[in-house]
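First the structure, in the form of structure tokens, and then the observations on it.
The values are calculated or read from the model by the stated rules, or taken from the named source; none is laboratory data. It should be emphasised that the depicted structure is a prediction, and the values quoted were computed from it without experimental measurement. For neighbour counting, all protein chains shown are included, and Cβ atoms are generated from backbone atoms with ideal geometry for every residue, glycine included.
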Amino acid sequence: MRLDRWLTRQPQLNRRHALSALAAGRVRVNGATISDPLHEVGPFDDIHLSAPDATTCLQIARRPRHILLNKPAGVVTACHDPEHPTVIDVLRDTLNARGEDSGWLAEIHHVGRLDRATTGALLLTNDGDVSARISDAGLDGPAKRYRMGLERPLTEAEQESAIAQVRQGVLLEHDPRPTLPAQLAFLTADQARLTLHEGRHHHVKRLWRSLGNRVVWLHRESVAGLSLEGLAPGEWRELTCEECSRLGAAQPRG
């Protein structure tokens, strides 16, 4: 959000006072004096307003959190569920076992969704911009790569036909829009790898139903290029600085 707009939303400032404070060099963002009203700020910025007799803290920066989880089977992608363990429960159990604070889990949300039986890469964050960038990017956006088992083995001719259809786009049941072009490769006659640049409800399973087959197991190998290497089911890690930069995600300062 533009700094001038952010300031005018504070109860102690109207637009005239906000612009006056900016022009006078009384606004500091992350320790730096900012006079540009178009400067972008967000929840991960410290914002202070100085006066001759005192300095007021308008916002304490929230710490950015970006988590890659290897979601195990039987866990639902939700923050709360009355019947089943959730991905937040998985993170909380780890933090409790380490004796670490888990209060920050209330801030984070999952980016996209994996079915309860589906395993693999799931990103969680408290950065809404990252969520939107990954979820709504389309063909030019981050890829999601899946490996799956199929109920019926396919002949070579059927495999070639499926690859061509997926490359062109497939009409899913109850959806008037064809899927975006995707990449399909067969590992065996009944196992395949699929790379998508979008995510619709039960996307992979509905796609295979449209192609006359059924998914019997599904694992997401990666999302947005984030690898599960070194993570057993149920384990998770925070993203590295390089990974945050690649996603355009806010990083902890200092």
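Numbers at a glance
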{"item": "Test for Val204: is it within 30 Å of Leu95 (Cα to Cα), of a type in the set (A, V, I, L, M, F, W, C) and surrounded by 18 or more Cβ atoms within 10 Å (Cβ to Cβ)", "result": "no"}
{"item": "Pairs, first in contact (Cβ under 8 Å) with a residue 12 or more places away in the chain and part of a loop (DSSP other than H, G, I, E, B) in the stretch 226-254, second aromatic (Phe, Trp, Tyr) and surrounded by 14 or more Cβ atoms within 10 Å (Cβ to Cβ), C-beta under 7 Å, six or more apart", "result": "Ala250/Phe44"}
{"item": "Yes/no for Asp36 being out of contact with any helix residue (DSSP H, G or I) (no Cβ under 6 Å at 6 or more places or on another chain), at pLDDT 95 or above, surrounded by fewer than 18 Cβ atoms within 10 Å (Cβ to Cβ) and not in a strand (DSSP E or B)", "result": "yes"}
{"item": "Any chance Thr56 is hydroxyl-bearing (Ser, Thr, Tyr) and either crowded, with 18+ Cβ neighbours inside 10 Å or closer than 30 Å to Val216 by Cα (or both)", "result": "no"}
{"item": "Selected residue (criterion: farthest from the chain's Cα centre (by Cα)) from residues of the stretch 234-246 that are closer than 21 Å to Leu105 by Cα and of a type outside the set (Asp, Glu)", "result": "Gly234"}
{"item": "Number of positions in the stretch 1-17 that are touching a strand residue (DSSP E or B) at 6+ places or on another chain (Cβ under 8 Å) and either at pLDDT 95 or above or within 26 Å of Arg253 (Cα to Cα) (or both)", "result": "6"}
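Residue-wise test of (1) at pLDDT 95 or above; (2) at positive phi.
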site: Val41; (1), (2): no, no
site: His66; (1), (2): yes, no
site: Gly99; (1), (2): yes, yes
site: Ala117; (1), (2): yes, no
site: Leu122; (1), (2): yes, no
